[in-house]
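Report on one structure; see the data block that follows.
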Amino acid sequence: MDVQIIDIPKITDPRGNLAVIEKDTIPFKMERVYYLFDVPSSSHRGGHAHKELQQLIVALSGSFDVVIDDGINKQIITLNKPDKGLLIPTMIWRELENFSSGALCMVVASHEYKEDDYIRNYDDFVALTRS
C-alpha cells in the first residue's frame, strides 16, 4: 500500500509548538481542509474510497484509528500526534474509528468535494481494485 505516515514540520518553542503544512509538505495541491470533532467513541467515519482525491489525515488532538484497505490487505494505523500525518493516495478504502474523548481530526484534501469521486460501496471498491 502506498499509504504512509509523514512528519509535519514543527517549530519547538518554550511558549508552545507550531506545526506547519505548506505546499512542499505534501505531494498534492491543497484544495480543501475540513475537520471532525465531537465524534462519539462508538462512531465510525469514512467508509469510502476516492477515485482521484488524495488526503492527509492528522490527529490535532486526542487519538483515533484509521483502518485502511487496498482491496487485498487491511491495516490499522493509530493517529495521536499532531506532527504526524497519514497520507492516503487514491483508491484506498478508509474508516475512522475508536475516537478518544476530545479527538480532533483534520483532513487536508487535494480536491474540492465531488460526490462522483466517492466509492461508497465496499463490494464496488473491491471489484474496481481487481479489474
Residue in the stretch 62-72 that is surrounded by fewer than 13 Cβ atoms within 10 Å (Cβ to Cβ) and either in contact with a helix residue (DSSP H, G or I) (Cβ under 8 Å, 6 or more places away or on another chain) or over 24 Å from PRO9 (Cα atoms) (or both) present: yes
Residues within the stretch 69-90 that are over 12 Å from the mean Cα position of the chain (by Cα) and not in a strand (DSSP E or B), tallied: 8
When residues of the stretch 10-24 are limited to those that are without any contact (Cβ under 8 Å) to a residue 24 or more places away in the chain and surrounded by 10 or more Cβ atoms within 10 Å (Cβ to Cβ), the one nearest to the chain's Cα centre (by Cα): VAL20
Matching residues, the stretch 34-61, being at positive phi, at pLDDT 95 or above and crowded, with 17+ Cβ neighbours inside 10 Å: none
For GLU52: the one exception among (1) among the acidic types (Asp, Glu); (2) under 14 Å from VAL3 (Cβ atoms); (3) assigned to a loop (DSSP other than H, G, I, E, B): (2)
Selected residue [in contact (Cβ under 8 Å) with a residue 40 or more places away in the chain and in contact with a Ser or Thr (Cβ under 8 Å, 6 or more places away or on another chain)] from SER110, SER101: SER101
Output for the stretch 103-123, where each listed residue is surrounded by 11 or more Cβ atoms within 10 Å (Cβ to Cβ) and either at pLDDT below 95 or of a type in the set (Asp, Glu) (or both): ASP117
Residue pairs meeting the criteria (Cβ under 7 Å; at least 6 apart or on separate chains; first outside any loop (DSSP other than H, G, I, E, B), in the stretch 28-42; second among the charged types (D, E, K, R)): ARG32/GLU112; LEU36/ARG45
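The values are calculated or read from the model by the stated rules, or taken from the named source; none is laboratory data. Please read all numbers here as calculations on a predicted model, not as lab measurements. We place every Cβ from the backbone using ideal geometry, glycine too, and count neighbours over all the protein chains shown.
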